[in-house]
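Encoded as structure tokens, the structure appears first; notes follow it.
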Amino acid sequence: MFKRALWQGLVAGAAGGVVMTLGEKIEQAVTGRPDSHVPGRVLARVTGLPERDGRQPLPVNWVMHFGQAALLGVLRSVMAQAGVRGPAASAKFTVVRVTNDQILENATGVGAPPATWPRAELLVDLLHKTVYGFATGLVADALAARDGLGPGQRQAAAHPGRRTDAGPLPREDAHTR
């Protein structure tokens, strides 16, 4: 399961990153908002690379932007492989994406807590991260569905309805191929 989740997650996360970036470019064309160089600055601080004032080198920015998207996609794929799929799973994953950004940005001193941001900036960021979360989820869920039901889904099918007396699946039935 974890081998499949790795490659499927990298694909799903990269796809989500592309969809998010396309949405950002459309939004920027409409609003005139400039490119963010926060990803590049975070990567520079995490790795010790030289940091520039203002704009960061585009390759550094894109490595962090798409690398983070792809790597986080692995977590969404693990969710899908386990049977945690659908819009509710994508909403939960979106919170993880926002949290990951905030940890990295705040720990490096590049960003500030979202509660201190102008509301318009916060809404734009949440919109784009939501697009990423749901696009990544669609791809991860579709790839996992090719492998059949996840253990959680099999457990739910064995005990339909909301029940307090449902025990776990037998160990041999819990693992996927």
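The values are calculated or read from the model by the stated rules, or taken from the named source; none is laboratory data. Quick caveat: nothing in here was measured; it's all calculated off a predicted structure. For neighbour counting, all protein chains shown are included, and Cβ atoms are generated from backbone atoms with ideal geometry for every residue, glycine included. Heavy atoms of the whole protein, side chains included, go into the accessibility calculation; ligands, DNA and RNA do not. Shrake-Rupley method; radii C 1.70, N 1.55, O 1.52, S 1.80 Å.
Miscellaneous remarks
- Residue among GLY40, GLY109, GLY32, GLY9 that alone is out of contact with any Cys (no Cβ under 8 Å at 6 or more places or on another chain) and without any contact (Cβ under 8 Å) to a residue 24 or more places away in the chain: GLY32
- Pairing residues of region 147-158 that are free of Cβ contacts under 8 Å to residues at least 24 places away in the same chain with residues that are among the small types (Gly, Ala, Ser) and not in a helix (DSSP H, G or I), at Cβ distances under 7 Å and at least 6 apart in sequence or on separate chains, gives no pairs at all.
- For region 128-174, the candidate set comprises residues that are under 22 Å from the mean Cα position of the chain (by Cα) and of a type in the set (D, E, K, R); within that set, the residue that is nearest to ALA89 (Cα to Cα) is ASP141.
- Among the residues making up region 99-108, those that are open to solvent by 50 Å² or more (accessible area, probe 1.4 Å) and either within 24 Å of GLN153 (Cα to Cα) or not aliphatic (A, V, I, L, M) (or both) are THR99, ASN106.
Each row is one residue, and each column tells you yes or no for (1) at pLDDT 95 or above; (2) open to solvent by less than 50 Å² (accessible area, probe 1.4 Å); (3) polar (S, T, N, Q).
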site	(1), (2), (3)
THR21	yes, yes, yes
ALA29	yes, no, no
GLU51	no, no, no
SER77	yes, yes, yes
ALA82	no, yes, no
LYS92	yes, no, no
ARG97	yes, yes, no
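- Summed over region 116-139, residues that are farther than 16 Å from PRO87 by Cα, of a type in the set (Phe, Trp, Tyr) and in a helix (DSSP H, G or I) total 0.
- One residue from ARG45, ARG55 being in a loop (DSSP other than H, G, I, E, B) and surrounded by fewer than 20 Cβ atoms within 10 Å (Cβ to Cβ): ARG55
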